[in-house]
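Every number here is computed from the coordinates shown, using simple stated rules; none is lab data. Keep in mind that this is a model prediction, so the values were computed, not measured. Here Cβ is always computed from backbone atoms with ideal geometry, including for glycine, and neighbour counts include all displayed protein chains.
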Amino acid sequence: MSVTAPVSIISPVAEEDGETQQSFEIYKDKLESILLDPKIADKQVCVVSVAGAFRTGKSFILNFFLRYLRWKTCASDDESETDWLQTNLINSNEGNNGQLKGFSWRGGDDRETSGILIWPEPFILQDKHGNEIVVILMDTQGIFDCVSTVKSCATIFALSTMISSILIYNVTKTIQEDHLQHLQLFAEYARLAMDEYQETKPFQTLMFLVRDWCFPYEAEYGINGGQRILDKRLETGAKQHKELQQLRLHIKSTFENIKCFLMPHPGLEVAISPDFRGELNTISADFKAQLHALVPHLFDRNNLVVKAINGQQITCRELSVYLNAYFEVFNGTELPEPKTILAATAEANNLAAVASAKAVYSKEMEEVCLWGDTPFMSSAELNQHHERCRASALLSFNSAKKMGGPELTSQFREKT
């Protein structure tokens, strides 16, 4: 089977301005042509997805997964000791001086991947029980670029989380607090979309893949050093702020298994050369050494994770049904709109100002109506007091320090 390119199964749709991306479309025929192939349709499936910020090397690393899987599924017994990284199976021009091909990637600052893509060639591996498992590789659009809204970022990350059995969260330098916050937001958005009671943790394996790790003297490259960093980042303690504790507990309650792998920088020429196309002799020895550790670890028979939903392992055929159903949820109007931290804070800030203003109004009106000198008053008098108390409430609202700018403030002023 000759395969040259990944297949787009979910693609962004440009808004009227031609640039902003808010909605998506799904290509059911392409999806079903892969997952409903009679050779794999009723086999259990493992979906490996890479997600994270744009321009952080997601597609680049996926092509090494692809190279390994093609070697793994093509190698005969007497070839099993060969170096998968050096073996040119995908293209006759590959090898030490050849190009890295498969999922589209390149250097630079502009986004390369849009929507969600899967490699159309399924790879059949055996798990630790000897069962045949179909491995599907998935690439995703990078989040936080300059044309995607928060909703579209949340949709892509959430769908990736819901579909995958192994979600690789690609981050650079280290695991930062904002990485955890975004993970919590998008994972919760995914959990909300599932809209069903989960007897188990809703999602399976999460691996933080830390790229360009700069502190090997604190924690060595690889899975062991990564585990120490992960334990440190996710630990909770009595002296820790409650908000930080809840964030970590939420993430732990969302995924069954959480790992971390520390990768070194691939080398200066890889980063700055516009002509780099994946040649192995250009990539640093440390990076290649860790590829030899990372990739076989992911696809080891003991680490393959069959996709399960609510504890039930599913087949490729069932995955197709679930993916279509999940997509329809995100394309509907029932889910709340995810917001940026600034937007959510500004909204809460203005709501608090409205609440304070209403409290001022209620207090002053109570003083007039409950503690006034007369047992009753005319409609004209009541309206006069109402206008005076309303003016006090508006003064309270206008005097409060608020975020979000005049347009947002005017929307909330009307609620006062």
With each pseudo-label sitting 7 Å past Cα toward Cβ, what's the Asp37-Gln181 distance in nm, one decimal? 4.3
Which of rounded, prolate or oblate describes the range 352-415 when judged by the alpha-carbon gyration tensor and an a/c cut-off of 1.5? prolate
Under-5 Å amide H pairs with His265, H placed in peptide plane, nonlocal only: Asp212, Trp213
Once you've got the Cα coordinates, tell me which of Lys151/Lys239; Lys173/Lys259; Lys232/Lys259 are over 23 Å apart. Lys151/Lys239
Given labels modelled 7 Å from the Cα in the Cβ direction, how far is it in nm from Arg388 to Gln86? 9.3
Straight distance only, please: which lysines reach the Cα of Lys43 with their own Cα at less than 21 Å, same-chain residues fewer than 8 apart left out? Lys28, Lys30, Lys72, Lys128, Lys307
Using only Cα atoms, locate the centre of the range 25-46 and the centre of the range 199-249, then give the distance between them in Å, rounded to an integer. 34
Would you please give the residues with an amide H less than 5 Å from that of Phe123, counting only those at least 5 places away or on a separate chain, with H modeled from the backbone geometry? Val135
Between Glu132 and Ala400, take the C-beta separation as r, use R0 = 56 Å, and let me know the FRET efficiency to the nearest 0.05. 0.30
The simple spin-label model distance between Asn310 and Lys28, using points 7 Å out along Cα→Cβ, in nm, is 2.2
Built amide H within the under 5 Å cut-off of Ile283, gap 5+: none
